[in-house]
Amino acid sequence: MRVELNHITELICLLAALWNYKYLKGTIYFYFIYYLAFVLYGELGASYFKYVLSLTLKPEDRNNMHIYLWVWAVMGAFLSYFLYTEIRNVVVRKLITVFTSLLVCYFLFLFFFFRRYVEPCYYGFVVETFYLTFLCCIYFYELFLYSEEADSIWKLPAFWVITGIFIFFTGTAISSVMHGVLKNFSIRIMGLPLYSFIAQILCVFLYGCPIVAFILIRKKQTRLSNADS
């Protein structure tokens with residue numbers, strides 16, 4: 001089994017969340033602990049299945065897509081809910097509830113009935129990337145629409161989390177569209193094809209930006225505690 005960069009960044013982010021446990025408690029950021037633990041467990045499980053278990057199975061049973069369907073479902077549901085709490089537009093919030101439910105149901109449907117087919121799973125993930133990118137754009141639009149918040153965006157924990165989501169899913173959407181071109185490159189970096197290496201780098205932003213958010217929350221809570229004392 002090989003440990004990849006995304007596993008390391010997920011673990012570091014989870015440890016950062018646990019380190020700031022008492023400061024995150026009572027906020028939506030507290031649930032990042034469960035989310036990150038699930039994603040890390042799923043990603044490690046998928047890697048173990050690919051490099052160890054699949055060698056003992058028939059060729060048609062070696063696909064680890066059934067694990068990623070759960071990872072993508074939980075990722076889409078959690079990140080959509082996080083964006084739901086930050087977006088103000090009522091219509092968009094209702095659409096998030098409907099579309100996220102449909103997307104999760106789609107992944108679960110594939111898990112129970114069509115998990116051996118890679119293409120439907122892949123198309124579902126591509127839809128998820130464009131969907132979350134679109135929600136991030138709505139958040140940024142609303143953020144800069146209200147000047148009182150835009151003046152201090154660097155101090156907003158949500159801004160950092162959503163920036164990480166935006167960079168990751170925008171980059172993933174672009175690389176997905178260009179997958180047919182990128183896979184033809186013979187370049188390998190750290191033993192990975194170019195398109196896989198790009199995905200690994202994007203994970204640094206997805207799981208690195210929340211660490212900044214955790215630090216900001218810790219500083220804010222510490223400042224409030226000192227003010228009360």
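The values are calculated or read from the model by the stated rules, or taken from the named source; none is laboratory data. Keep in mind the model is a prediction, meaning the values are calculated, not measured. Here Cβ is always computed from backbone atoms with ideal geometry, including for glycine, and neighbour counts include all displayed protein chains. When the accessible area is computed, the model is the full protein with side chains, heavy atoms only, and any ligands, DNA or RNA have been set aside. Shrake-Rupley method; radii C 1.70, N 1.55, O 1.52, S 1.80 Å.
Total residues in region 84-116 satisfying the condition of being hydroxyl-bearing (Ser, Thr, Tyr), without any contact (Cβ under 8 Å) to a residue 24 or more places away in the chain and either open to solvent by less than 30 Å² (accessible area, probe 1.4 Å) or over 25 Å from Tyr31 (Cα atoms) (or both): the figure is 0.
Are any of the residues in region 72-83 open to solvent by 50 Å² or more (accessible area, probe 1.4 Å), at pLDDT 90 or above, out of contact with any Ser or Thr (no Cβ under 7 Å at 6 or more places or on another chain) and not aliphatic (A, V, I, L, M)? Within region 72-83, one or more residues are open to solvent by 50 Å² or more (accessible area, probe 1.4 Å), at pLDDT 90 or above, out of contact with any Ser or Thr (no Cβ under 7 Å at 6 or more places or on another chain) and not aliphatic (A, V, I, L, M). Only one of the numbered conditions (1) open to solvent by less than 60 Å² (accessible area, probe 1.4 Å); (2) in contact with a helix residue (DSSP H, G or I) (Cβ under 7 Å, 6 or more places away or on another chain) is not met by Phe140, and that is (2).
Quick one: which helices (runs of 4 or more DSSP H) lie wholly within region 82-164 and hold at least 2 residues that are touching a Cys at 6+ places or on another chain (Cβ under 9 Å) and closer than 23 Å to Val71 by Cβ? Please lay out each step first, then the result.
Working: elements: 90-113, 118-145, 147-150.
Ranges flagged: 90-113.
Scan region 19-36 for residues that are surrounded by 14 or more Cβ atoms within 10 Å (Cβ to Cβ) and more than 21 Å from Leu83 (Cβ to Cβ) and the total you get is 3.
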